[in-house]
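The values are calculated or read from the model by the stated rules, or taken from the named source; none is laboratory data. A quick note: this is a predicted structure, and the numbers were derived from the prediction, not measured. Glycine also receives a Cβ, built like all others from the backbone with ideal geometry; neighbour counts cover every protein chain displayed.
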Amino acid sequence: MNDLRSRGDSGSGPASPHTSKPSSPVGPGRPKDPAKRAAILEAARTLFLQHGFEGVSMDQIAAVATVSKLTVYSHFGDKEKLFSAAVASYCEQQVPHALFERSSRVELRERLLQIARAFHAMASSPEAIAALRMLSTPQLAGSPVVGTFWDAGPGRINQELTSLLQRRAEDGELRLDPIDEAGLSRAASQLLALLKGDAHARLLLGLDGLAEDDVPAHLGSAVDMFLRAYGVADPPAVTT
């Protein structure tokens, strides 16, 4: 079986014309300023949500981040790479990699609830809903940008959850036979779908989602349903 553990235990103004990449790259080995990188990512996230991918130029991002256009290119290379980094950065802030890492004696149900709370909050956020609406427009149908978003956001979360489930299954806490990539990925997708429920579709359509008071019960019942399907009656002592 392939190893799945690559990272351990997802009012607009007029569009400016696209600008070609400068021909004077920053010299090799020159250290990057993390504060400038953070400012560029924040500016990119804000502008992409306001104007869409096609409606934003690197000049606009540089202006909002108060850096030069050359600095933007030196950090990210091109607009699609910057878009991917902005999505990945937001997902990491909301659903951090640490949630999927090996932990000190955290029961499986509690670990899944921790992931559930973070994932649901991110998937229901105005930023995530706005991004999905933007990517669903006819202008981006078939665009590689949609795949870039998926790989940097939802795909990353699915992969990390899949890796966590693999470890837990190998430790005897989950019942998957065989423990293979297809089954693990399917189980991860099923859990994430349970967590979103129909409330996520309602938000995409501009309707009300879950009431805040109803979220804990929804997440708890989704995790319990998942464990009824894949859990074991007497799991071994927690080691991951």
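Take residue 110 and decide whether it is assigned to a helix (DSSP H, G or I), among the acidic types (Asp, Glu) and more than 12 Å from the chain's Cα centre (by Cα). Give the steps one after another, and end with the answer.
Working: assigned to a helix (DSSP H, G or I): yes; among the acidic types (Asp, Glu): yes; more than 12 Å from the chain's Cα centre (by Cα): yes.
Judged against the criteria, residue 110 is a match.
Within the stretch 157-170, residues that are within 17 Å of residue 114 (Cα to Cα) and at pLDDT below 95 sit with their Cβ atoms under 7 Å from residues that are of a type outside the set (Ser, Thr, Tyr) and assigned to a helix (DSSP H, G or I), at 6+ positions apart or across chains, in these pairs: 168/108. Those residues that are of a type in the set (Ser, Thr, Tyr) and under 24 Å from residue 216 (Cβ atoms), I need them from the stretch 91-138; list them, please. Answer for the stretch 91-138, where residues must be of a type in the set (Ser, Thr, Tyr) and under 24 Å from residue 216 (Cβ atoms): 103, 124, 125.
Of all the numbered requirements in (1) modelled with pLDDT of 80 or more; (2) outside any helix (DSSP H, G or I); (3) surrounded by fewer than 19 Cβ atoms within 10 Å (Cβ to Cβ), residue 42 misses one, and that requirement is (2). Selection over the stretch 157-199 of residues that are part of a loop (DSSP other than H, G, I, E, B) and of a type in the set (S, T, N, Q) gives a count of 0.
Within the stretch 90-107, the residues that satisfy the criterion of being surrounded by fewer than 18 Cβ atoms within 10 Å (Cβ to Cβ) and assigned to a helix (DSSP H, G or I) are 92, 93, 97, 98.
The conditions of being buried (at least 16 other Cβ atoms within 10 Å of the Cβ), in contact with a Pro (Cβ under 9 Å, 6 or more places away or on another chain), under 23 Å from residue 145 (Cα atoms) and modelled with pLDDT of 95 or more are not met by residue 84.
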